[in-house]
Amino acid sequence: MTVIKGAKSKLFEPLTIANGKITLKHRVIMAPLTRNRGTPLNKESIPENPNRVWVPNDVMVEYYAQRATEGGLQISEGIPPSLESNGMPGVPGIFLPEQVAGWKKVVDAVHAKGGYIYAQLWHAGRATIPAMTGSPPVSASASPWDDPEERYTHAPVGATEPPRYIDNPPIELSLPHIKQTIQDYCRAAKSAVEEAGFDGVEIHGGNGYLLEQFLSSNINKRNDEYGGTPEKRCRFALELMDELAKTIGEENMAIRLSPFGLFNQTRGEQRVETWGYLCRRLKEMHPRMSYVSFIEPRYEQIFSTEQKDSFLKSWGLSNVDLSMFRSIFGNTPFFSAGGWNDQNCWGVLESGAYDALLFGRYFISNPDLVRRLREGYPLTKYDRSKFYGPMPNGPEDGYTTWLTIEEQEEEARK
Ligand SMILES: Cc1cc2nc3c(=O)[nH]c(=O)nc-3n(C[C@H](O)[C@H](O)[C@H](O)COP(=O)(O)O)c2cc1C
């Protein structure tokens, strides 16, 4: 059977999300991408009083606008809903008025091009350090990192190297602290939708951050109502989504999950039991949710075949794919991310496996990715060294400097 590529493929058919409120004109979605290009609020950052707050700036406005398309969907970089959730320098949160105003400029620029944008709310949990938050990192339990050598991503102000996570252990969230954390998310979601104008809110429930720390049996060691069984480990995520639905409306919320992820040392078991229960409950409680977004398991890139097999064995599986979650969610729009490119993206939606594909790294290096896929132009390879700021040559470098196909052709003629 010939696989249809380009404009006639299902990637370029409309898709309705948000329970009928939004009809996308195509299904090439920009994945959430942390790029650390925000402006520090406190310009005099010193070790005794480090800057912990960043605001969106004009370069960020340009970056998102460059990648916006008529009827397209972009998911923002992970946005901390509170100071305590701050995961990385250069990432603007959405808990201060200056930040909300900055995000509004980003949203307005995307809307001006006819695009849609969701805010991804991201709580790092234990994957942060006190220099970023001004308080101890929080998590489901006070579980230290398994690997004593794993380090934080950035060196704090005044230090020469990133600290080890094990030297910055998390505290276990108390019951009132859990309630407070959920309220932080809800306040941020309300500001995102009502003030900044985002079209919806996606909760980052994957990649080993706070939600996944609750879901993971090697990190969540609680024996109260938030831990001890797969069902109880799901309680934090489910309560959060219930409260969020009350705050912004079920059709305006979405969740991102990585059921077979291992990032940030999520080495827990009972994957099928835990994520299966979570998804069944979400579908039951919030059938009108905007969409669900899943991350593909891609162990080949990280582990040897033996390591991969030993993980799968510990979960009681011989192979992994996302099909069981697709079945659970039925008609809820279902997105997939992880490794899609201009070779392997064709025929996937036609097969019925997913409703839309997210592109991350190729959206970084191809501001006009949607056009390139539609019209069959080659893709520019990304440059990993410029993914995460700060950049010595300024925030634009490797961020807004990528060329469109026309600009490349123009360059070639010079
Ligand atoms: C530079 C970079 C930053 C990322 N930041 C986020 C993020 O803030 N939130 C998130 O959910 N995923 C994040 N991801 C994961 C991507 O959304 C995506 O799942 C991943 O890049 C795989 O897709 P790809 O193969 O198309 O790049 C990030 C990935 C990269 C490369």
Of 275, 346, 103, the one that fluctuates the most in a GNM where the chain has Cα springs shorter than 10 Å: 346
Write down the Å³ per residue value for the convex hull defined by the alpha carbon atoms of segment 237-292. 82
With each pseudo-label sitting 7 Å past Cα toward Cβ, what's the residue 113-residue 371 distance in nm, one decimal? 1.0
Helical contribution to [θ] at 222 nm, DSSP H n ≥ 4, -39,500 (n - 2.57), averaged over the chain, rounded to 500: -8500 deg cm²/dmol
To check you understand DSSP bridge types, tell me what percent of the beta bridges within segment 6-413 (both residues inside) are antiparallel, rounded to 5. 20
In this structure, the FRET efficiency calculated for residue 23 and residue 403 from their beta-carbon separation, with R0 = 51 Å, to the nearest 0.05, is 0.95
Hey, what's the Cα Rg ratio for segment 105-190 versus the globular rule of thumb, 2.2 N^0.38 Å? 1.41
Give the dimensionless ratio obtained when the Cα radius of gyration of segment 13-135 is divided by 2.2 N^0.38 Å. 1.14
Space enclosed by the convex hull of the alpha-carbon atoms of segment 137-248, per residue, Å³: 127
Cα to Cα, under 28 Å, and not fewer than 8 places away if on the same chain: which lysines meet these conditions relative to residue 21? 8, 10, 104, 105, 113, 190, 246, 283
Added length on full extension, which subtracts the Cα-Cα distance from 0.36 nm per residue, residue 3 to residue 298: 103.8 nm
Give the cross-link partners of residue 381 among the aspartates and glutamates, using a straight C-alpha distance below 18 Å as the criterion and excluding same-chain residues fewer than 8 apart. 342, 368, 396, 397, 406, 407, 409, 411
FRET efficiency, 1/(1 + (r/R0)^6) with R0 41 Å, evaluated for residue 146 and residue 175 via beta carbons: 0.95
Using a Gaussian network model of the chain whose springs link C-alpha atoms within less than 10 Å, name the residue from 232, 386, 104 with the highest mean-square fluctuation. 386
Net lengthening on full extension, residue 161/residue 313 (0.36 nm per residue, minus Cα-Cα): 51.0 nm
Sorted largest first, the C-alpha extents of segment 241-329 along its principal axes in whole angstrom are 45, 21, 18
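Mean 1/r over all different Cα pairs, inverted: what Kirkwood radius does the chain give, in Å?
Numbers: mean 1/r = 0.0459 Å⁻¹.
Taking every pair of different Cα atoms in the chain, averaging 1/r and inverting gives 21.8 Å.
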May I have the extent of the alpha carbons of segment 156-222 along their three principal axes, as whole Å values ordered from largest to smallest? 39, 35, 23
Fluctuation leader among 399, 377, 388 - the chain, Gaussian network, Cα springs under 10 angstrom: 377
Per residue, the convex hull enclosing the Cα atoms of segment 202-269 spans a volume in Å³ of 76
Quick one: Kirkwood hydrodynamic radius for segment 221-369, alpha-carbon pairs, angstrom, one decimal? 16.9
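Read the figures in this text as sums done on the coordinates, not as results from a lab. Note that this is a predicted model, so its numbers are computed, not measured. Neighbour counts are summed over all protein chains in view; Cβ atoms, including those assigned to glycine, are modelled from backbone coordinates with ideal geometry.
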